[in-house]
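Student: Here it is: the structure, laid out below.
The values are calculated or read from the model by the stated rules, or taken from the named source; none is laboratory data. Given the structure is predicted, the values throughout are model-derived calculations rather than measurements. Every residue, glycine among them, receives a Cβ derived from its backbone with ideal geometry; neighbour counts consider all protein chains shown.
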Amino acid sequence: MLLQRTGYAGAWLKTLFDGLECGHHCGHDQHRQYQLITMDDADRHAVLSVAESIAPIDHEAFESVPAAMRCESCDAGGLIVSAGEPDPDEYFVLSGIVKSFVGDAEGREVTLAFHVGPCALTPSIARVADGRSRVICVAMTPARVAGFPSATLMECMLRNSTIQRWGDTVLRSELVRRADLEWALAVLSAADRLRQFRREHPGLEELVAHHHIASYLGITPVTLSRVRAQLRGAV
């Protein structure tokens, strides 16, 4: 049945199925640094608001997703997803700022994305390989995160075309974001990359340490500091 689906969501469903089979045997990550909190009405409202901001949803068909959710309250620096660990889940960032990153061959952090709540975290198909996370996700500020099994969403998508289109939109948005970043890194000057970052993430420059932004833009912190001074002088 999965193989008969077409489009982005169809590929997502097949990959989730394969990854979940591995995740079922491997078990859940036991090293996350957060406090598990029961989901309350405010959390539920926040989840539905995030979902609706992405694309219309069929609330009745979507009901099993918030029903399966748990909420995580993280301090700044709290680990949400750990590289190499089983991670068969999807996440909403309800509040706060979360960063996705990897370590390069020299052990340096390479920032892949900033997730400013309320928003959806990068979908599992783009984070997980063979049932294990390829990235690290940490809270950069105190944050509240809601997580739920990818299998729950997969079941909803199989049952309801509106939810399948919603999942398709989530994945397409991530693909566009990555394509835009890849293009910027290849074509734009450091100054133009920073201008684009400011358009896409207004105000974030004042909320996170600049070396994280420099890493995301593919430049050194020294270059970022110089470019910021140049742009201030050009105003």
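Student: Step by step: first the residues of the range 208-235, then only those that are among the small types (Gly, Ala, Ser) and farther than 24 Å from residue 98 by Cβ, then the one that is modelled with the lowest pLDDT. Which residue is that?
Tutor: 234
Student: Would you point out which residue out of 177, 144 is touching a helix residue (DSSP H, G or I) at 6+ places or on another chain (Cβ under 8 Å), among the basic types (Lys, Arg) and in contact (Cβ under 8 Å) with a residue 40 or more places away in the chain?
Tutor: From the options 177, 144, the qualifying one is 144.
Student: Working carefully through the options 105, 126, 139, find the one that is within 25 Å of residue 196 (Cα to Cα) and at pLDDT below 95.
Tutor: 126
Student: Here's another thing I want to ask about it. Tell me, yes or no, whether the range 145-168 has at least one residue that is among the basic types (Lys, Arg) and not in a helix (DSSP H, G or I).
Tutor: Checked the range 145-168: no residue is among the basic types (Lys, Arg) and not in a helix (DSSP H, G or I).
Student: Hey, residue 208 hits all of (1) in contact (Cβ under 8 Å) with a residue 40 or more places away in the chain; (2) outside the structural domain of residue 125 (by TED's automatic domain parsing); (3) in a helix (DSSP H, G or I) but one; which does it fall short on?
Tutor: (3)
Student: Does residue 196 satisfy being assigned to a helix (DSSP H, G or I), without any contact (Cβ under 8 Å) to a residue 24 or more places away in the chain and not β-branched (Val, Ile, Thr)?
Tutor: The answer is yes for residue 196.
Student: Is at least one residue of the range 215-230 farther than 28 Å from residue 42 by Cα, touching a residue at least 24 places away in the same chain (Cβ under 8 Å), in contact with a Pro (Cβ under 9 Å, 6 or more places away or on another chain) and assigned to a helix (DSSP H, G or I)?
Tutor: Yes, the conditions are met somewhere in the range 215-230.
Student: Within the range 148-158, is there a residue that is at pLDDT 90 or above, assigned by TED's automatic domain parsing to the domain that holds residue 90, under 14 Å from the mean Cα position of the chain (by Cα) and farther than 20 Å from residue 63 by Cα?
Tutor: no
Student: I would also like to ask the following. So, in the range 78-111, how many residues would count as being acidic (Asp, Glu), assigned to a loop (DSSP other than H, G, I, E, B) and under 26 Å from residue 43 (Cα atoms)?
Tutor: So the answer is 1.
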